[in-house]
1. Could you order the peptides 134-144, 240-250, 101-111 from most to least packed, using the average number of other C-beta atoms within 10 Å per residue?
2. Quick one: among Thr113, Thr176, Thr47, which has the greatest mean-square fluctuation in a GNM of the chain with alpha-carbon springs under 10 angstrom?
3. Among Leu59, Asn240, Asn168, which residue has its Cα furthest toward the positive end of the charge dipole of the chain, with +1 on Lys/Arg Cβ and -1 on Asp/Glu Cβ?
4. When the C-alpha atoms of the chain are aligned to their principal axes, what extent does each axis show, in angstrom, from largest down?
5. Can you put Ile41, Ile32 in order of Cβ neighbours within 10 angstrom, beginning with the fewest?
6. For segment 138-151, in order, what is each residue's ³J(HN,Hα) by Karplus, 6.51 cos²θ - 1.76 cosθ + 1.60 with θ = phi - 60°, in whole Hz (x at glycine and Pro)?
7. Taking the beta-carbon count within 10 Å as an exposure proxy, list Asp51, Asp26 from fewest neighbours to most.
8. What ranking do 183-195, 64-76 get when scored by the average of other Cβ atoms within 10 Å per residue, highest first?
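None of the figures in this text is laboratory data; all of them are computed from the coordinates on show. Bear in mind that the values here come from a model prediction, so they are computed numbers and not experimental data. We place every Cβ from the backbone using ideal geometry, glycine too, and count neighbours over all the protein chains shown.
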Amino acid sequence: MYGYLGKIARIDLTSGKVWTEALKEDFARQYIGGKGFGAKILYEELTPKADPYEPSNLLIFATGPVNSLILSGASKLCAVFKSPLTGGWGESQCGGHFAPQLKYAGYDMLIITGKSEKPVYVTIEDEEIRVWDATHLWGEDTFQTEETIKKDHGKGFQVISIGKAGENLVRYACITHDRGRQFGRAGAGAVMGSKKLKAIAVKGGGKIDELDSQWLARIFSAGLVKPSYIPEKKIMELRNLTRLRVSLLEAQTAFENRAHKILQICNIRLASKLYNYSEKMGKCS
């Protein structure tokens with residue numbers, strides 16, 4: 001099949017069981033991917049009156065047929081679940097590098113059910129799927145969580161994680177990826193929190209299938225896809241400077257948050273000094 005790896009990964013956090021199953025060709029042709037995959041599986045496997053915070057709720061991460069291709073706009077990953085915010089259909093999308101890496105690891109879809117007794121996170125590296133203790137990460141923000149997981153397992157991993165809102169089951173909590181991208185709708189982060197799932201990290205060593213590359217080449221040669229816009233050098237330099245400024249401000253904010261947390265633990269009231277410093281730095285920038 002063009003665009004599909006033909007495999008689904010499943011994890012039951014209650015039992016800790018991990019297994020894979022085949023993606024059937026007729027299923028792929030009928031439901032295509034993303035929300036189509038998620039809607040069909042959620043409808044078939046979740047009982048209608050199940051509470052969104054029950055272990056039986058599914059958290060489905062579904063790719064589409066072009067996620068593994070080097071194609072502008074082809075990076076979106078779809079999350080499907082029963083929403084704790086509405087009590088009904090829950091769907092959210094996120095860009096970034098997680099979806100392509102899930103494809104490179106060999107999977108079209110990741111389906112998570114159950115609830116862990118303690119905080120955990122999941123790593124997926126090609127055929128190896130493991131569930132790890134995340135007690136040391138519980139209570140950390142998403143930036144720190146992503147940083148710690150990449151430090152422990154390697155910078156090549158792409159991470160999605162929840163912060164304190166998800167841990168405390170805030171009904172509109174997000175799942176964060178790549179220090180600023182979010183599954184921002186319908187409370188996906190709260191579903192992760194209800195399962196005691198802090199994060200998922202994935203890294204794949206696979207390459208784009210040769211047939212998929214030929215298919216993409218035919219699409220381009222037929223003029224069905226417009227070429228990407230490449231801005232002028234001055235605009236690119238301005239973009240790079242803006243990104244550098246944002247990254248420096250994020251690092252400063254993370255430092256201030258950690259310092260404020262330490263001061264609170266030590267019962268030292270110097271927070272106002274930190275915020276005065278922050279305001280002055282903001283004006284200077």
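1. Numbers: 134-144: 18.2, 240-250: 11.2, 101-111: 23.5.
Those peptides, ordered most packed to least, come out 101-111, 134-144, 240-250.
2. Ranking Thr113, Thr176, Thr47 by mean-square fluctuation puts Thr47 first.
3. Asn240
4. 63, 53, 34
5. Details: Ile41 19, Ile32 15.
So the ranking, lowest neighbour count to highest, is Ile32, Ile41.
6. 5, x, 7, 6, 5, 4, 5, 4, 4, 4, 5, 5, 5, 5
7. Working: Asp51 12, Asp26 7.
Fewest-to-most ranking of Asp51, Asp26: Asp26, Asp51.
8. Top of the packing list down: 183-195, 64-76.
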